[in-house]
Every structure is written in C-alpha cells, then in structure tokens.
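Data first, discussion second: the structure below is written as structure tokens.
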Number of protein chains: 2
Amino acid sequence: MNQLSPIGGQLLITDFLFRARDMFGRKEIIEYTEGVETHRYDYATYADRVIRLAGALVELGVRPGDRVATLAWNHHRHLELYMAIPLAGAVLHTVNLRLEPDEIAYIVDHADDTMIFADASLLPLLDVTRSRRPQMKVVVTDEPEYADAVAGYEQLIAESTLLAEIPPRTENDLAALCYTSGTTGAPKGVGYTHRALYLHTFAACLADGHAISERDRVCHVVPMFHANAWGIPFAALMSGAEQVLPGPHPTPPQIATIVAAESVTYTGMVPTVAVDLLDHAVASGTDFSSLRALVLGGSTPSVRLIADLEDKLGVRVFQGWGMTEISPMATFSRPPAAADDDPALRHDHVRKQGRLLPGLHWKLVDAEGSEVPQDGKSQGEVLMRGPWVATTYYNESHPDKFVDGWLRTGDIGIIDEQGYLEIVDRAKDLIKSGGEWISSVALEQALLQNSAVADAAVIAVKHPRWQERPVAFVVFHQGERLSSQAVLDELAERVPKWWLPEQIVATDVLPRTSVGKVDKKTLRTSASEQADLWDPTNATIAAVPHGGVSS
Amino acid sequence: MNQLSPIGGQLLITDFLFRARDMFGRKEIIEYTEGVETHRYDYATYADRVIRLAGALVELGVRPGDRVATLAWNHHRHLELYMAIPLAGAVLHTVNLRLEPDEIAYIVDHADDTMIFADASLLPLLDVTRSRRPQMKVVVTDEPEYADAVAGYEQLIAESTLLAEIPPRTENDLAALCYTSGTTGAPKGVGYTHRALYLHTFAACLADGHAISERDRVCHVVPMFHANAWGIPFAALMSGAEQVLPGPHPTPPQIATIVAAESVTYTGMVPTVAVDLLDHAVASGTDFSSLRALVLGGSTPSVRLIADLEDKLGVRVFQGWGMTEISPMATFSRPPAAADDDPALRHDHVRKQGRLLPGLHWKLVDAEGSEVPQDGKSQGEVLMRGPWVATTYYNESHPDKFVDGWLRTGDIGIIDEQGYLEIVDRAKDLIKSGGEWISSVALEQALLQNSAVADAAVIAVKHPRWQERPVAFVVFHQGERLSSQAVLDELAERVPKWWLPEQIVATDVLPRTSVGKVDKKTLRTSASEQADLWDPTNATIAAVPHGGVSS
C-alpha cells in the first residue's frame, strides 16, 4: 500500500481519500452494470488505485491546473477519476454525455482539456472533438486495446510509478469544472475550488443536511457527469459511507433491484426518474425498507409524487434545491422538529425546497433588484452567495448573472419566517399576464392534482392584449384522456380564473433536456409553429375572463 | 428589529447569529439559576440584544482586534457576549473563574484585555487585576449600579445606537482567546480564528459528530469560561438548537432537574460531574428519556461509568477528546454501524476516545519523533494538525510544543485500523519502569473495576533500580474500605504483575485542577513529602517482581 499522506493546512477534497483509506479501508464500493454486480472492492484498494492513477497522470504530462475530462457513466473507474485527477493537481472536467457531438466539442475546446477519459460506448460522441483537437490524449475506461488511445486504463494503473509527492495546491485552486446544460445560449463553465467542494461536503454531512454518515450505503443515481453527482461521492468518502454505482443508463427496475440487494440507505434523483421508480416498485413489491432518505432535486416534484413515495414505498422523501453554479446544493427540506408528530405539517415542509444550508447566504429581490421581505408571502428572484456559490463563469465574463458578489439564480421564490424556500418559478418561465405574474410551476402543480394527469408543463405565449397567456401541455395516464374543458373545469377549483390556460394540449410525452428538465424551449417552438394551437386573433381567447388583473 | 446583514464570502462565526435570527427566530434560550428558571427569550430577541451590545462596545471604544474578557458563569448574558464581542470585531477572551486572583491578573495582562465583563459575585477575583490595570473598563453583568463599572450591562444595551455596519474582519482574524489551565508552567493563550471556530462548528453538527441539529435542546454544563464550552453554543446557533444555561456552579441535582424540566436532548460534561449526576439521578428517579446523547470529555471516564449511565439512566454515552489547543474537539466516539446490534462491540468503541473529526489530521510518534503505525497496538504521542488546531501560542513562542506545523498533544495513544483513538496516558504521566512504559490511565481503569473503589489516581515515583514505579491513590466507596493487599490481589488478576503499584494510599478525595482534572502535581508533591509512603531503600519494594521487563 502507498503511504502517501495528505498535505494538511488547506481545505483539499483529496484529504477525504486519505481519510477513507485510513479509517474506512474495509468499506466497500460496489458497481452494477445492467442490474448485475460487476465490481466490488474496498476503500483501501480504491485509494491505492487512485494514487497510482494520479501518478500515471503526472507521468503522462498532466500539470497542476490542467483540465482532464471524463465522458462516462456512473462506474467505479469514474469514481477513481473523481479523486485521481484532483490528486494529480488537475481539474476534473465532467462532460455531459447527453449533449450533441458539436456541443461536446465546444465545451472541450472552451475548457481546453488536455486529456479525456471516455467509456468506449461513448467514443462516437467525441468524433467532432477529436478531429478538432488531434493533440488531446484519450484513454478508454473499459477497453484495454482501443486503437487510438494513449494506453488502456488498467495498464496506466499497473505501470504507474507511485506518486512520490502530491503536486502542491491551495484550497483556492480549481478541483473540478462542469458546464451548464445551456438551455439559453452557449454552455457556460462553472469552476469548483477545493475549498468550495470541501465546505459543500461538510454541509452534505450535517445532521440537518443530507446527513451522510458512516452508517450509509449511498447509491449514485444522479449522473456523475453533471454537477458532481450532487457532491455525494465526496460526502461518502469523507464519512466512510459505502457507495453503489448503477452503471450505464440504469432503468427504474435496475435501480429498484440495486436498492433492495445492496440495502441502500440514501439515494437522490430527479422527479421524473422517481415517478417511474415508484410505478415499478409498487408493481413489483420491491423492498425499500433500507432506504432512510430519497432526495428529489433538479426540478420541483409534485405533492402527489412525494406523498405516494412516502405512503406506498414507506420511505422518507426530502427535497434539495440547487444548480450547477452552487456546486450544486443550496437547500435541504428537512422538516422542523415541530412537524415530527404532524404528517400534514411534515408534508407541507417537504413540498418546499427547504432551508438554506449553513455557510450560504441568500436574499430575494424584485425586478428592480430591491430586496423583498422573507415573510412567506413576497416573491422575488433568489440571489445567492457563499463559499460554494460561483462568482463568475469559467473564462467568460457574464456580468448580468453576477451582481455585487451575488449569483442571480433566475429562480423566483418565497422564503418563510422559518427560512424555508419555495420556488414558484423560473424567472424566464413566469407568465406576465396583464401586469401580474402567473406561476407556471403553480399551474403545473395544480394540473397534476387531477388524477388523470401524469405530467404537465405550462409555457407563456405572447398575447396582443394581456402581453402573455399560459398554454398547458398535458400527458394523461393511460386510458384516462379527458377533454380540455374537463381539465379546465377541474383546474378552476384550484387556481384564480384568470390563471386558466388558453389551451390544453394533450401530448404523449414532454420533451426533456439532457439533465432531465422539461425542455420549455422546444415546447415554445412547437407552440409557435402550430397555428391552430394558438391564434391570438381568436375571439374566444381574447374573451378569457381576466378579472383578477390590476391593469 | 435590526436588519443588519452578514458580510458574506468569509467564514465568520457571527454569520450564525444572523442565521439564528432569520430562520430560528422563535427558538428559545432558557436560563436557570440555582435550579430555578430565571430567563427565557427567543433567538430574535437574543440577536437584537447582541447587535445592540456590539454597537455599545464600538461606542465604548472597542476596536477591531481588541481583547474583551469575560469572567462569568453560564448565563444568557455570557451567551450574548459570545457573539457580541466578535461581532464588534474584537476577541472574546473567556477567563477561567477557578483560577487564583494572581493567575487571572497574569492572564489578563498577557492578553492585554481592554475591557472585562464580570459577574458581581466574581469581582473579588479581579482585585489584583484591577489594581494593576486601572485603565481597564469593567462592566458587571448582573448588577446595574456597581460603583466602579463604566455602565450597567442592561444600560449599555438600552442606550446603544444600532451598529450601522459590521466592523470588517477576515476569517483569519481572531474571534476568541482562551488560556490553558497551566498544569505545567505559566498559562498559555490559544487564539481561535473565525475560520477555526467556523469549521469546528460544522464538525460539531456532522451526523457522525455531535450531530447538533434543529431538533436539539442542548444544556451547557461545560463551563463557558473554558475552551468555548466545547463549541456547542456556536453549533446551537448555526443549527437552531434551543439552549439551556444552568447558571452559576450548578449542582448535579440542579442539572438533573433542568434536563427533565426542559427536555434536554444533548449535554456534555467531565466524568466527575457525570459520576455525581448518575448517583443523584438513580437515587431520585429523574427522567432522562429526552436525552439522546451525553458526551463525556476532559478526562477518560471509567468503563463502569459509561455502562452505568447507559444501563441505569438509559442514555447513549459518547466520548469526545480534545484540548484547549484544538478549539477543543478532535474526536468523537460514535460506534460504527457494525456495532448497532452488538452492545459489547458498541461499548468497546465508546470507551475509546473516538474517531478523528473530518478536517483534522493526526499521527503517532515515538519518543524520537518517528512515526509509529496506526495498527491498534503501537503506542505513540498523538500529533495533530488542521484548520482548528493551534500552530502557536498567543504572543508567545513555544517551539517544543509545535513541530513542523504539528501540535504535540502530550497524550500517548493507540489508533486502530478503523481510526479509533485510545488515549493510554499523558506523556508526562507514563511510568517508565525498567525501560518499559506502564500506563497510569490503564492502572487507574483497572483499579476502578474493583467495586469498592470510587476513584483512583496513579503517579510515578522515582526508584533507584527501576527508574520509576507506580503509586496508587484510592478513594473507597463509603463503608467499603479494603486493605492494600486486598486491592493488590484483585488488581493482579487484571494487569501484569510488574505493573502492581508499590503502595496503595487510601484518601478521602483526589485533588483536582481548576478544570476538574486530577491534580497529579499535588499528588506527586504529597508523595515525595511523605517519607513513610515511599522509601526506595525498603527491601520489599526492591523485591517487587519485575519479570515482564526487558531490561
């Protein structure tokens, strides 16, 4: 075993590697592929391989500050790269494998990656990149003899001379880099310093945060190619939690199998995955009793999803809210002690995005940038700052996104007097109707309360009189298609009349972005292309009651 | 209410004040005096008073970096000073009220305190100090009209103009200062930066640390005048835990009353207090069911005390190990998940000092400074480094205590392969007998297994042949006095024969230092003064079997 020691004095995420080795050496990392166990080893072995791999990187010419990319699913070698690249003094750049080859080429060029580790199955995504960057070194994670690669992954580890000493870094050096999914404009890079990720890790392990501990067996359903897999791999290393990796494109049945087989205690996922997991688990009767926490993030889950997961699977559900620019976690929706004996009060807190994690600061501002009160009523855009909040994009100035040290999140929220945030909308998804705001998220939540509705998305469409009006796209449960009027009638019981969408569009599935969010850009394009869907000259539309509007 | 906001960007402990105000405004701080409730208010009120008090300090001329002292018991005003002094940009210097007036004068002079907040009952302790430092401002915490004071405490708050802005500080500025109890040589100051205390607070709130959370009601039995009350006041503010202050010199019956009346969930104390609390609680049948954690620290508790607290009171016991130089916490003895269903394994971990808190590093070194393995067998002095470990004393060089960035703790320990530390002795309390070490702590623990023995302390006394030999001081339970031979016979079943003390000295009580540790210096003096107690020319002593010694 390599007895390399941490540097000390600075907040470096690679310290967690040594901690895992020295205190949790026999704890396990388990990998599945297509629902079958394909790898299992302990932290001592993991640490030894990581140190050897870091040595190999240095031998291959990686220098402190270089960007080294990964294009990989959630597997044990990706977890090794999470530590080996920063240990070599370089910057771990996780590339989103759901992007198009052109977008990947743009990102790799912008980051100026000197080297990339890619799964063999994903190499076609790199064709454009490699033609543009012939000098970039490529290592294939899972095929020893790939023609164009500098070496096989296992060969690198086997032939590495031990890292004699850790390349010097400070806590303010970058450890990782991730590009936003770019729903507007070109993708933008967010650099994470060691300090940012270190403090983020502490926050993830707080008793009032995700509370990752030595008792946990975490399953990484959240992709490791995006936003540090919510930072949970670092939290697991620090605390000695065991880690289960579900491999390439895990299906809900595979996730259910893994949770039951490996007694997983903690996992997190986007709501759409949770919907399918719930359906499968209920149908199959999967045992979820080991799971102490299922955390939903990435977009707002419906109240019904939360209740169904808790009632039908018997697991505790929490929400986390964050974004790439916040490393990514900003809040956690742990209900207060007062809700322990009051299920309704508990649900009322879990449906919100949660309390601010210690270490961070926030404020709400109106359209003019003036602060609005945190009174449980006033809405404003959430502005954030703190040690793991970005203050700039990577090699790109973006002054409208960063104001006096604050990040403009683009999310519109309400913060109550106990510090619970409720996101009511994305700033760009608000529907500005007759001088008032209609929340597309609130409308979607209200639509989802209709038992026939499986999924819903609301967008704004331009309107000659009211400026904007809502249009709803609705996916019905199989065999439960309702008329537009029936949907509107039910909806009218729950929202002000002037919020009612101009049109209810039934669709089989909602388009989604590479990270699983509803792709409203595509919906807007689709709406504007379908003349019969939206005709502002149509008299029935202009006649929609608008009594509540103050214009 | 004052809407002053935190600075942001830096790790400042005063951020926790704003967090408590904005998210936990209705949570309570409760104060008892002599077992009776004397004060109760919420965090919103607390924060408002703290901000006013900080304003008053600035008006009184306190400047960034100034040391402002406290000489006070655990009460609500002391808790206000914990935040107000750092918020004013100054350094909170807690003075140990168990010291002699001369020692206090030395410490206040050395720290160059410009101002002191003292309880009226403790003012006589300041006579020497005040005669030497007539320019030092004095505020009495609890008597409005004290003759010599600059103003009454409540008057300061009432008349304060609001702090217009927070005096600027960085995370590397000192927030607090505490002097070691000085069992050897003059007291030495340990300065705590904002960064150190901030990270220490995060560590205290980790799920695998003390796990202080919003669900907690903590009781500060540990004196606030020493080592930041283990940092728990900061942890409570950050997490929104409610705080109960037991007032001046709380007795075990008073502590028991408070725990039951206030549904305290967490408290910590030194083992001697826990012994008396246990006796009282068992005799009185106090309800301790609210208590989720009783943490012992400051010295090593006996295995019997841990078992009795768990079995007779039904509370979970943990150990923390640390020292003034480590802010003070370094470890926490949470048993691993594997011990959940195995009480014996659980106790075997709780009797150890515990796992290193994340953020810190340690190593074991032998007498020559060479590293020894962490294998569960090898002993060495524990060296520490990390963001909340001192690297120097306050305004005083002490090169033998700090080596290459490491703190020499003076504690001899064993670290096992799961990272659990067991302290076997203070370096200076080891008995060097015939070239081998005898652990005074292990001998004390073995003596305490005798059901007639209530307390025990072992010291080394010089010996012409074996260099040093152990002598034991023993306190018997009432009515259970045994002969020396009976004690030795029982002890011989548990320790190697050559460990057996030369003498068993029965005594009514063990002398203790100002922070509750056994005062071995006094015992050594007492031993050397009593010729009949120890006569190295005595033939029976020289004949003590020494078979196990390798000399």
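Each residue in the stretch B:164-193 was checked for being of a type in the set (G, A, S), over 22 Å from B:W321 (Cβ atoms) and surrounded by fewer than 21 Cβ atoms within 10 Å (Cβ to Cβ), and 3 pass. Restricting B:E103, B:E159 to those that are surrounded by fewer than 20 Cβ atoms within 10 Å (Cβ to Cβ) and either touching a helix residue (DSSP H, G or I) at 6+ places or on another chain (Cβ under 6 Å) or of a type in the set (D, E) (or both) reduces the list to B:E159.
Considering the stretch B:490-508 alone, what residues qualify as being part of a loop (DSSP other than H, G, I, E, B) and touching a residue at least 40 places away in the same chain (Cβ under 8 Å)? Across the stretch B:490-508, the qualifying residues are B:R494, B:V495, B:P496, B:L500, B:P501, B:E502. Can you name the residue in the stretch A:465-489 that is in a loop (DSSP other than H, G, I, E, B) and of a type in the set (K, R) and is also nearest to A:L500 (Cα to Cα) among such residues? Among those residues, the one meeting the criterion is A:R465. Screening the candidates A:V515, A:V471, A:V549 for the property of being modelled with pLDDT of 80 or more and of a type in the set (V, I, T) yields one hit, A:V471. Would it be correct to say that B:V95 is farther than 20 Å from B:T14 by Cβ, touching a Leu at 6+ places or on another chain (Cβ under 7 Å) and assigned by TED's automatic domain parsing to the domain that holds B:P168? When the stated conditions are applied, B:V95 passes them. Of the residues making up the stretch A:392-419, those that are in contact with a helix residue (DSSP H, G or I) (Cβ under 8 Å, 6 or more places away or on another chain) and either over 15 Å from A:V190 (Cβ atoms) or within 13 Å of chain B (Cβ to nearest Cβ) (or both) are A:L407, A:D411, A:I412, A:Q418, A:G419.
Which residues, taken from the stretch A:462-487, are without any contact (Cβ under 8 Å) to a residue 40 or more places away in the chain and either in contact with a Lys or Arg (Cβ under 9 Å, 6 or more places away or on another chain) or among the hydrophobic types (A, V, I, L, M, F, W, C) (or both)? Result: A:Q467, A:E468, A:A472, A:V474, A:V475, A:F476, A:L482, A:A486.
One line per residue, one yes/no per condition, for (1) touching a Gly at 6+ places or on another chain (Cβ under 7 Å); (2) modelled with pLDDT under 95; (3) farther than 20 Å from B:A54 by Cβ:
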{"position": "B:E103", "(1), (2), (3)": "no, yes, yes"}
{"position": "B:V108", "(1), (2), (3)": "no, no, yes"}
{"position": "B:M115", "(1), (2), (3)": "no, no, no"}
{"position": "B:D119", "(1), (2), (3)": "no, no, yes"}
{"position": "B:P134", "(1), (2), (3)": "no, yes, yes"}
{"position": "B:D148", "(1), (2), (3)": "no, yes, yes"}
{"position": "B:E165", "(1), (2), (3)": "no, yes, no"}
{"position": "B:R169", "(1), (2), (3)": "yes, yes, no"}
{"position": "B:A175", "(1), (2), (3)": "no, no, no"}
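Checked across the stretch B:194-201, the condition of being part of a loop (DSSP other than H, G, I, E, B) and surrounded by 24 or more Cβ atoms within 10 Å (Cβ to Cβ) holds for no residue.
Count of the stretch B:194-247 residues, restricted to those that are at the interface with another protein chain (Cβ under 8 Å from one of its Cβ atoms), more than 15 Å from B:A20 (Cα to Cα) and out of contact with any helix residue (DSSP H, G or I) (no Cβ under 8 Å at 6 or more places or on another chain), is 1.
Condition check ((1) among the charged types (D, E, K, R); (2) within 30 Å of B:A241 (Cα to Cα); (3) within 20 Å of the chain's Cα centre (by Cα)) across all residues:
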| residue | (1), (2), (3) |
| --- | --- |
| A:I166 | no, no, no |
| A:E171 | yes, no, no |
| A:T180 | no, no, yes |
| A:H194 | no, yes, yes |
| A:H200 | no, yes, yes |
| A:C205 | no, yes, yes |
| A:V218 | no, yes, yes |
| A:F225 | no, no, yes |
| A:N228 | no, no, yes |
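With respect to A:R334, determine if the residue is within 14 Å of chain B (Cβ to nearest Cβ), in contact (Cβ under 8 Å) with a residue 12 or more places away in the chain and either basic (K, R) or surrounded by fewer than 16 Cβ atoms within 10 Å (Cβ to Cβ) (or both). Yes; evaluated as a whole, the condition is true for this residue.
One line per residue, one yes/no per condition, for (1) within 20 Å of the chain's Cα centre (by Cα); (2) farther than 25 Å from B:K27 by Cα; (3) in the same structural domain as B:M83 (by TED's automatic domain parsing); (4) at pLDDT below 95:
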site	(1), (2), (3), (4)
B:S239	no, no, no, no
B:H249	yes, yes, no, yes
B:P253	no, yes, no, no
B:T257	no, no, no, no
B:A261	no, no, no, no
B:T267	yes, no, no, no
B:V270	yes, yes, no, yes
B:S290	no, no, no, no
B:V295	yes, no, no, no
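In the stretch B:118-139 there is at least one residue matching the filter, namely being assigned to a strand (DSSP E or B), within 26 Å of B:R512 (Cβ to Cβ) and hydrophobic (A, V, I, L, M, F, W, C). Give the residue that is modelled with the lowest pLDDT, with candidates limited to residues of the stretch B:393-406 that are part of a loop (DSSP other than H, G, I, E, B) and touching a strand residue (DSSP E or B) at 6+ places or on another chain (Cβ under 8 Å). Once the filter is applied, the top-ranked residue is B:D400.
If you take just the strands (runs of 3 or more DSSP E) that sit entirely in the stretch A:246-338, which of them hold at least 1 residues that are touching a Cys at 6+ places or on another chain (Cβ under 6 Å) and closer than 28 Å to A:L407 by Cβ? Lay out the reasoning, then the answer.
Numbers: elements: A:266-269, A:293-296, A:317-322, A:329-332.
Per the criteria, A:266-269.
The values are calculated or read from the model by the stated rules, or taken from the named source; none is laboratory data. The structure presented is a predicted model; accordingly, all values stated were derived computationally and were not measured. Cβ coordinates were reconstructed from backbone atoms using ideal geometry, including for glycine residues, and neighbour counts include every protein chain displayed.
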